[in-house]
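Below: the structure, in structure tokens.
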Amino acid sequence: MLWDIGHRQARRYERTSGDQRSEFERDRDRLLYSSAFHRLAGITQIVRAGEANVFHTRQQHTIKVAQVGRRLAQLLQKEQPEEAEFRGLDPEVVEAACIAHDLGHPPFGHVGEHTLNELVLKNDDDGFEGNAQSFRIMTKLAVRFADADGLDMTRATLAACLKYPWYRAKTGKGAKKWSVYRSERVDFEFARERHEHNEKTLEAELMDWADDVAYSVHDLEDFHRCNALPWRKVFAEKDRIIGHALGAGAGDLKAKERVTAAYDRLREFLEGTYSELLSEPYEGAREQREQLRRMTSQLIGTYIQAVRINTDRSSNVAVEFDPDRVDEVKILKQITRDYIIGSPTLAAQQYGQKKIIRDLFDALTSNPDSSTGYPTFLPVRLRYLRPMAGTSPARFVADCIASLSEAEAIALHSRLTGSVTGSVLDPIVR
């Protein structure tokens, strides 16, 4: 084995009690029962949570990511048992990491994340990042024990949650994405002990791929159901989609050939097998529902087969991806960006959501009580988040906002701005 089981199962606080579960099963269960996971039912995936039953919430997305991640790990254990054992692969760890991967998303999804980052960066160089907030929740903010911070996860599960295993940097890829704030340095070093490199662990790689697969397939399914995907335009605007998918790499001829081939394969599959489904308005007829389920299942099954454990045991790179499948997922994600995320109606909704986040941040930053460090109107449930040693006031405010569901954020904003007075007997955040 690459790592001994005792090292992988170690916890910082060792707050466990013996029962029939393995250490990694206990991790998975703690995350599933956490308030942070429960909150995800009220958080946006792409379209605002609660807008219509057809759209995934962040929690529904997470459940499907966990299912894909577990099946992927089980497949690799079956097909590459020796390599899986060498790198310590455990499906429970992969599933736990999948359950945890979006815990830190604030209200309104990526819009809220980017807005909070802009606000926090004015006073805290670590900014705000959903992945880093997830790690902070697991290691510090979640309430589980009287005498220990966070959920007291095993080292393996914490490492599997680090999609970007580095701190925020001023330039380069670390300026765009990171998975830890410096306030969680001790926990980060504990999780990454013996990993003297910036590569993800095997289980983190599987979590990341499961997220990409679920996002690329299930969001397309949502928007097909509500007739928001103009498939005729998708199939007619090949160069536009490929150009956007390539982005800054549009001048790379080999990359363009690969992505073009991926687009052609997807179009052949979709038009050849599901032309009737995609050419008619979706009305929820039994035949349409069956075809849509079959299409989703075939795509996910294909992409679960796209990963292999690296057989070079001296390498820090844990997995090898089928580049053709990676390019196909890139195209599927680009279709959602071009025809859904880029729509004017969604942009208008997001404009208002940014204002809610900014107004809440300003209100929570202004006039803190000198004895507590937070304003007197702060809901009781959030008061335990009071400014902690080693963290900035901006981090405390971001913790408060990121702990709210979207309904709670809207209600608190309405109360604080006076647009809805509400009842003094009705707590906004429970």
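The values are calculated or read from the model by the stated rules, or taken from the named source; none is laboratory data. These numbers come from a predicted model, not from an experiment. For neighbour counting, all protein chains shown are included, and Cβ atoms are generated from backbone atoms with ideal geometry for every residue, glycine included. Please note that ligands, DNA and RNA were not included when accessible areas were found on the heavy atoms of the full protein model with its side chains. Shrake-Rupley method; radii C 1.70, N 1.55, O 1.52, S 1.80 Å.
Extending 7 Å from the Cα toward the beta-carbon at both residue 186 and residue 372 defines two label points whose distance is 2.7 nm. For the range 185-198, putting each phi into the Karplus relation 6.51 cos²θ - 1.76 cosθ + 1.60 with θ = phi - 60° gives couplings of 4, 4, 5, 5, 5, 5, 5, 9, 4, 6, 10, 8, 6, 9 Hz, in residue order, rounded to whole numbers and with x for Gly and Pro.
Reported value for the range 346-430: 103 Å³ per residue, from the convex hull of its C-alpha atoms.
Size check on the range 180-225: the Cα extents along the three principal axes, sorted descending, read 46, 23, 12 Å.
Loop-resident GluC sites (Glu not before Pro) (DSSP state other than H, G, I, E or B) in the range 155-216 with no more than 14 further Cβ atoms inside 10 Å of their Cβ: 193, 196, 199. Inter-label distance, residue 146 to residue 384: 1.3 nm, where each label sits 7 Å from its Cα along the C-beta direction. Just the protein heavy atoms count here, and of the accessible area of the chain at 1.4 Å, carbon and sulfur take up 49 percent. Given the range 118-215 reduced to its alpha-carbon atoms as identical point scatterers, what log10 I(q)/I(0) does the Debye formula return at q = 0.11, 0.12, 0.14, 0.20 Å⁻¹? The Debye formula, applied to the Cα set alone, gives -0.33, -0.39, -0.53, -1.04. For residue 308 and residue 348, the FRET efficiency from 1/(1 + (r/R0)^6), where r spans their Cβ atoms and R0 equals 45 Å, is about 0.55. Of 17, 38, 161, whose Cα points farthest to the positive end of the dipole of the chain (charges on the beta-carbon: +1 Lys, Arg; -1 Asp, Glu; origin at the Cα centre)? Checked the options; the winner is 38.
With contributions of -39500 (n - 2.57) from each DSSP H run of at least four residues, the per-residue ellipticity at 222 nm computed over the chain stands at -17000 deg cm²/dmol.
About the Cα centre of the chain, what is the dipole size in debye to 20, counting +1 per Lys and Arg Cβ and -1 per Asp and Glu Cβ, all else neutral?
Details: 61 positive and 65 negative charges, 180 e Å.
Here the size comes out at about 860 debye.
Basic side chains Lys and Arg get +1 at the Cβ, acidic Asp and Glu get -1 at the Cβ, and with that the dipole of the range 277-357 about its Cα centre reaches some 420 debye.
Compactness of the chain, taken as the C-alpha radius of gyration over 2.2 N^0.38 Å, stands at 1.01. Since only 269, 188, 409 are under comparison, the one whose Cα sits farthest along the positive direction of the charge dipole of the chain, derived from C-beta charges on Lys, Arg, Asp and Glu, is 409. Once Lys and Arg get +1 and Asp and Glu get -1 on their Cβ, which of 103, 120, 131 lies farthest toward the positive end of the dipole of the range 98-137? Positive-most Cα among the choices belongs to 103.
P(r) tail, the range 340-391: Cα-Cα pairs separated by more than 17 Å, 52% of all pairs. Accessible surface ranking for 8, 185, 1.4 angstrom probe, highest first: 185, 8.
Its Cα gyration tensor gives the range 311-350 an equivalent ellipsoid; the semi-axes, largest first and in whole Å, are 36, 12, 4.
Summary of the geometry: the range 103-139 and the range 348-369, compared by the centres of their Cα atoms, lie 14 Å apart.
Of the listed residues 330, 233, the order by accessible area with a 1.4 Å probe, largest first, is 233, 330. Per residue, the convex hull spanned by the alpha carbons of the range 1-136 comes to 148 Å³.
For the set 400, 226, the ranking by accessible area, highest first and with no ligand, DNA or RNA atoms included, is 226, 400 under a 1.4 Å probe.
Once you list every other residue whose beta carbon is under 10 Å from the beta carbon of residue 416, what net charge do they have if Lys and Arg are +1 and Asp and Glu are -1? All intermediate terms of the calculation are to be shown ahead of the outcome.
Numbers: positive: 415; negative: 359, 362.
Around residue 416, the surrounding residues sum to -1.
Put a dot 7 Å past the Cα of residue 236, heading toward its Cβ, do the same for residue 77, and the two dots end up 5.0 nm apart. Semi-axes of the equivalent ellipsoid for the range 259-380, computed as √(5λ) from the eigenvalues of its C-alpha gyration tensor and ordered from largest down, come to 43, 27, 15 Å.
For the range 332-403, the Cβ-based charge dipole about the Cα centre amounts to some 160 debye (Lys, Arg positive; Asp, Glu negative; other atoms uncharged). For the range 69-169, trypsin sites (Lys or Arg not before Pro) are listed when DSSP marks them as loop and at most 11 other Cβ atoms sit within 10 Å of their Cβ; the list is 122. Per-residue surface analysis assigns residue 337 an accessible area of about 100 Å², computed on protein heavy atoms at 1.4 Å probe radius.
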